[in-house]
Amino acid sequence: MLASPETPDSNARMGATAAVSVQIDLACIRRNLEDIRRQAGVAVLAVVKADAYGLGIDRVLPAIADGVEGFCIFNLAEARDARILERTGKSSLALGPTASENVDEYLAQGVRPAVWDAGRAAELRRADPVLCVDTGMQRFACPPEQIDDVLRGGNCKEAFTHATNPRQLENFLQLVRGRGLKIHAAGSSLLSLPEARLDAVRPGLALYRGAARVSTALVEARNTKGPAGYTGFAASRHGVILAGYSNGLRPGSCLVNGRRAKVVEVGMQSAFVNLCETDRTGDEVVLLGDSLTEMEVAAGWNTSPQEALFRLCSMGMRRYVA
Ligand SMILES: *Cc1c(COP(=O)(O)O)cnc(C)c1O
């Protein structure tokens, strides 16, 4: 495996600490894409917003560009900063609102704006805007009764919705089917539903699952004497790692020497981990990867796997293996 460090300024990312290493497996992302393509059998619009969920858009783009129809970002600036059109020759769909509404900038960056009101659709008409239909999200989306106006205003040939369940999908189809539009609805959560695949799919998480390994080392390991830490937690032996809530860490699952353990208490820049008798200073603590999935970490953190993945990938220096 070839390992290469990313650009020198990258460990200045907010929340990153030199004590944590983040390894991104680009071949895994490519395998995930191939699996999605095989399963869905339709075009893939890869969601690379928020620096590709924290995995690093600069390295993710060339790894997957061949296998996707285009990309989804949140706003125009993300596509411009990552030079998506210049580097891949492929267009992007901006899912959210953008500060600048200069139609020439959309054209220059190969970005098609999502639109949900008729006035804005008309202003951005030359940039080939895409109608976003509200099926329940109630955010950045067109109410059903305004669909005709927006389609007309933007001369839209494509429509999508941010659906997270089959009922929203059905609602979407009733609103847009039979109008000759290219349509799409499925992010990762609806990929397994054949009727959600339509003309394209928009996976984010499903591309990145299993591709990041986040690890650090114990800087202390000791037998616990009475109540420890801020909270007075009980343990027979505990260790300390150099990642804390300022780095995005929360209490939850980890692996110490390959064994399930717990981050029992999190401070500003360090955290306590419960240990067994044989664990020593310098031993590895895995915060994500190997047998510890985004799903498991997210469940312990009481959040989504997308948030867990983003936080964990932002914790340290990223290194890439191809
Ligand atoms: C972020 C986003 C996606 C991707 O979501 P995942 O659940 O991570 O696959 C798809 N569609 C829209 C509109 C989004 O904002």
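The values are calculated or read from the model by the stated rules, or taken from the named source; none is laboratory data. Being a predicted model, the structure only gives us computed values, none of them experimental. Cβ coordinates were reconstructed from backbone atoms using ideal geometry, including for glycine residues, and neighbour counts include every protein chain displayed. The area values use the complete protein model at the heavy-atom level, side chains included, leaving out ligands, DNA and RNA. Shrake-Rupley method; radii C 1.70, N 1.55, O 1.52, S 1.80 Å.
Just a few scattered comments:
- Proximal lysines to residue 225, defined as alpha-carbon separation beneath 22 angstrom and excluding residues fewer than eight positions away on the same chain: 262
- Sites listed here are trypsin sites (Lys or Arg not before Pro) in the stretch 198-254 whose DSSP assignment is loop and whose Cβ has at most 15 other Cβ atoms within 10 Å: 225.
- Leading residue at positive end of dipole, the chain (Cβ point charges), from 131, 143, 164: 164
- Pairwise label distance in nanometres, residue 219 with residue 259, each label 7 Å out on the Cα-Cβ vector: 2.4
- Extension gain, residue 170 to residue 182, is 2.7 nm, computed as 0.36 nm per intervening residue step minus the present C-alpha separation.
- Stretching residue 189 away from residue 299 to a fully extended chain increases their span by 38.0 nm, per 0.36 nm per residue minus the current alpha-carbon distance.
- Annotation: residue 161 carries an accessible surface of approximately 0 Å², with a 1.4 Å probe and no ligand, DNA or RNA atoms counted.
- Using only side-chain charges placed at the Cβ, +1 for Lys and Arg and -1 for Asp and Glu, the dipole size of the chain relative to its Cα centre rounds to 480 debye.
- Kirkwood estimate for the stretch 241-317, i.e. one over the average of 1/r between Cα atoms, Å: 12.4
- Of the listed residues 74, 160, the order by accessible area with a 1.4 Å probe, largest first, is 74, 160.
- Considering only 282, 242, 20, the residue lying farthest towards the positive end of the dipole of the chain is 282, judged by Cα position with unit charges set on Cβ.
- Where GluC sites (Glu not before Pro) fall in DSSP loop in the stretch 53-108, at most 15 other Cβ within 10 Å: 69, 101
- Computed [θ] at 222 nm, deg cm²/dmol, the chain (DSSP H ≥ 4; -39,500 (n - 2.57); rounded to nearest 500): -7500 deg cm²/dmol
- Between amide H atoms placed 1.01 Å from N, distances below 5 Å from residue 265 occur with 272, all of them 5 or more places distant or on a separate chain.
- With every protein chain in place, the chain: carbon and sulfur % of accessible area (1.4 Å): 51
- For the chain, there are no membrane-span-like helices by this rule, meaning no whole DSSP H stretch whose C-alpha atoms cover at least 30 Å of axis and whose Kyte-Doolittle mean is 1.0 or above; this says nothing about an actual membrane.
- All other residues whose Cβ lies under 14 angstrom from that of residue 152 are scored, Lys and Arg at +1 and Asp and Glu at -1, for a net of -1.
- Value in Å of the Kirkwood radius, where the chain supplies the Cα pairs that are averaged: 21.2
- Spatially proximal lysines relative to residue 90 (Cα-Cα < 28 Å; intrachain offsets below 8 disregarded): 49, 157, 182
- Approximate spin-label separation residue 236-residue 138, in nm, with each point projected 7 Å along Cα-to-Cβ: 5.1
- Both the radius of gyration and Dmax for the stretch 106-167 are 11.4, 37 Å, in that order, over alpha-carbon atoms.
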